[in-house]
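*Asks:* Below is one structure. I have some questions about it.
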Amino acid sequence: MTVDTCGVDFERSKPGRALIARARPFVKWAGGKRRLLEQYTPYLPASFRNYFEPFLGGGALFFHLRPKRAVLADLNAELINCYQVVKEHPEELIEQLRKHKATERYFYKMRESDPDRLSNLERASRFIYLNKTCYNGLYRVNSKGQFNVPFGRYKNPVICDEEAIRGASGTLKQAQLKVSSFEKTVQQARGGDFIYFDPPYVPLSSTSSFTSYTADSFDEQKQASLAETVRTLDTRKCLVMVSNSDTKFVRELYRGFHIETVRCTRSINSIGTGRSAIAELIIKNY
């Protein structure tokens with residue numbers, strides 16, 4: 001039995017319907033797909049059973065589809081904790097976020113705080129605060145797993161987006177969240193399920209690599225392992241879509257699949273003139 005990709009059905013009389021209709025990412029994320037959703041839409045499956053997203057990040061496609069049943073995962077434990085708190089305790093989180101200050105001194109105090117000494121609610125609040133006030137909304141950690149992005153110097157950052165948090169909370173109610181590798185996340189995927197992989201992209205050059213969302217980088221070996229996982233899912237008759245950079249290496253990894261090209265404007269670049277539209281790939285097996 002398939003479900004429509006528009007996901008959850010809500011009657012107009014049900015509370016929270018409008019909030020869920022406005023669901024959108026509540027954090028900034030390098031490589032986020034909000035700007036590409038219009039281009040992605042023609043390439044999405046017409047229907048599917050369960051939805052899997054092993055590299056969750058900002059979750060733009062998940063919030064766009066609003067599937068009835070979803071398994072959402074990432075190796076970034078701070079990110080998944082944040083999603084869990086948004087799902088279960090949106091009002092408490094909003095209250096916590098209202099207490100933050102957009103000053104450089106306060107930013108570095110929060111950055112230096114140890115998340116392991118905080119409650120899950122406090123960790124989520126810290127995560128969103130740093131995300132909204134750090135440079136370009138990057139999430140980058142060093143080899144010890146410590147967040148190390150500098151202060152962003154924004155004039156008036158929106159630290160507490162109440163509508164986005166409440167809308168996301170409603171959409172996440174039926175989703176399963178886990179800290180997990182992509183291999184383990186899709187072990188239970190079966191025919192008719194839709195899996196969207198949005199891994200750290202293969203660098204376009206030796207100086208453009210940005211894969212440090214966790215303490216371990218996502219190298220070519222892991223890219224090859226991902227491609228092998230996609231082929232395994234294909235044999236199970238799952239519906240699979242992958243996004244990645246347009247390089248010879250990526251095209252070779254997914255030889256035999258349908259490969260489409262979209263244009264994306266890079267939003268994370270230290271030089272404003274470097275934010276031009278570049279080609280990215282959509283790889284799919286359907």
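The values are calculated or read from the model by the stated rules, or taken from the named source; none is laboratory data. Only a predicted model underlies this, so the values are computations on that prediction, with no experimental measurement involved. Here the Cβ positions follow ideal geometry from the backbone for every residue, glycine too, while neighbour counts run over all protein chains shown.
*Asks:* Are there any pairs with C-beta distances below 6 angstrom linking a residue in segment 82-97 that is in contact (Cβ under 8 Å) with a residue 60 or more places away in the chain to a residue that is surrounded by fewer than 19 Cβ atoms within 10 Å (Cβ to Cβ) and in a helix (DSSP H, G or I), with the two at least 6 apart or on different chains, and if so which?
*Replies:* Listed pairs, sorted by first residue: ILE94/GLU162.
*Asks:* Let me ask another. Which pairs have Cβ atoms under 9 Å, sit 6 or more apart or on different chains, and link a residue in segment 169-190 that is within 22 Å of GLU91 (Cα to Cα) and at pLDDT below 95 to one that is of a type outside the set (Lys, Arg) and surrounded by 14 or more Cβ atoms within 10 Å (Cβ to Cβ)?
*Replies:* Partner pairs satisfying both residue conditions: GLN174/GLY7; GLN174/VAL8; GLN174/PRO67; GLN174/ALA70.
*Asks:* At pLDDT 95 or above, aliphatic (A, V, I, L, M), surrounded by 20 or more Cβ atoms within 10 Å (Cβ to Cβ) and out of contact with any helix residue (DSSP H, G or I) (no Cβ under 9 Å at 6 or more places or on another chain), is that true of LEU239?
*Replies:* no
*Asks:* Moving to a separate point now. Considering only segment 118-143, state which residues are closer than 25 Å to GLU91 by Cα and assigned to a loop (DSSP other than H, G, I, E, B).
*Replies:* LEU118, SER119, TYR139
*Asks:* Now a separate question. Restricting to segment 142-156, name every residue that is at negative phi, surrounded by fewer than 17 Cβ atoms within 10 Å (Cβ to Cβ) and not polar (S, T, N, Q).
*Replies:* Across segment 142-156, the qualifying residues are LYS144, PRO150, TYR154, LYS155.
*Asks:* Sticking with this one: For segment 151-185, give me each residue that is part of a helix (DSSP H, G or I), more than 28 Å from SER225 (Cβ to Cβ) and charged (D, E, K, R).
*Replies:* Within segment 151-185, GLU162, GLU163, ARG166 qualify.
*Asks:* Then there is this: Tell me, which helices (runs of 4 or more DSSP H) wholly within segment 1-114 include 3 or more residues that are at pLDDT 95 or above?
*Replies:* 37-40, 60-65, 77-88, 90-97, 104-112
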